[in-house]
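Below: the structure, in structure tokens.
The values are calculated or read from the model by the stated rules, or taken from the named source; none is laboratory data. It should be emphasised that the depicted structure is a prediction, and the values quoted were computed from it without experimental measurement. Virtual Cβ from ideal backbone geometry, glycine too; neighbours counted across all protein chains shown. We work out accessible area using only protein heavy atoms, side chains counted, and drop any ligands, DNA or RNA first. Shrake-Rupley method; radii C 1.70, N 1.55, O 1.52, S 1.80 Å.
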Amino acid sequence: QVQLVESGGGLVQAGGSLRLSCAASGRIFSGNTMGWYRQAPGKQRELVAIMLGGGSTTYADSVKGRFTISRDNAKNTVYLQMNNLKPEDTAVYYCYAFRVNAYWGQGTQVTVSS
């Protein structure tokens, strides 16, 4: 059984920052892929940032240079530091993990006002 619990969403003005956290419990280990997706109203869920077990990362072009994914293996937690937020970053952000199967968190709302 794997559980992913996100926190850190909220309302912020454009140009501001937020840090999302996702704590994994169950059989998710440092060698497993973890990351973040988001879904805006009326749009498909899209990749934001992902970190493979070896530590390599991939970012969506729209967030490169503004968002940073990191991981604390001791706490089994993945973070998403979001800087210089834009209104188009408004979405529900979902934590993702993969070990044999894909697992999703419940989502946390991020709203960026202009």
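The table for this structure:
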item: Residue list for region 85-113, filter: open to solvent by less than 80 Å² (accessible area, probe 1.4 Å), more than 20 Å from PHE29 (Cα to Cα) and either hydrophobic (A, V, I, L, M, F, W, C) or outside any strand (DSSP E or B) (or both); result: LEU85, LYS86, PRO87, ASP89, THR90, ALA91, VAL92, GLY107, VAL110, VAL112
item: Single unsatisfied condition, TYR79 versus (1) without any contact (Cβ under 8 Å) to a residue 40 or more places away in the chain; (2) within 25 Å of ALA14 (Cβ to Cβ); (3) not aliphatic (A, V, I, L, M); result: (1)
item: Subset of region 51-79 [hydrophobic (A, V, I, L, M, F, W, C) and over 19 Å from SER7 (Cβ atoms)]; result: LEU52, ALA60, VAL63
item: Output for region 19-39, where each listed residue is touching an Asp or Glu at 6+ places or on another chain (Cβ under 9 Å) and over 22 Å from SER56 (Cα atoms); result: GLN39
item: Matching residues, region 8-34, being in a strand (DSSP E or B) and open to solvent by less than 60 Å² (accessible area, probe 1.4 Å); result: GLY10, VAL12, LEU18, LEU20, SER21, CYS22, ALA23, ALA24, SER25, THR33, MET34
item: Test: residue in region 38-53 that is open to solvent by less than 30 Å² (accessible area, probe 1.4 Å), basic (Lys, Arg) and part of a strand (DSSP E or B); result: yes
item: Residue list for region 39-83, filter: out of contact with any helix residue (DSSP H, G or I) (no Cβ under 9 Å at 6 or more places or on another chain) and of a type in the set (Lys, Arg); result: LYS43, ARG45, LYS64, ARG71, LYS75
item: Neighbours by Cβ (under 7 Å, 6+ apart or cross-chain): first from region 17-46, free of Cβ contacts under 8 Å to residues at least 12 places away in the same chain; second exposed (fewer than 14 other Cβ atoms within 10 Å of the Cβ) and hydrophobic (A, V, I, L, M, F, W, C); result: none
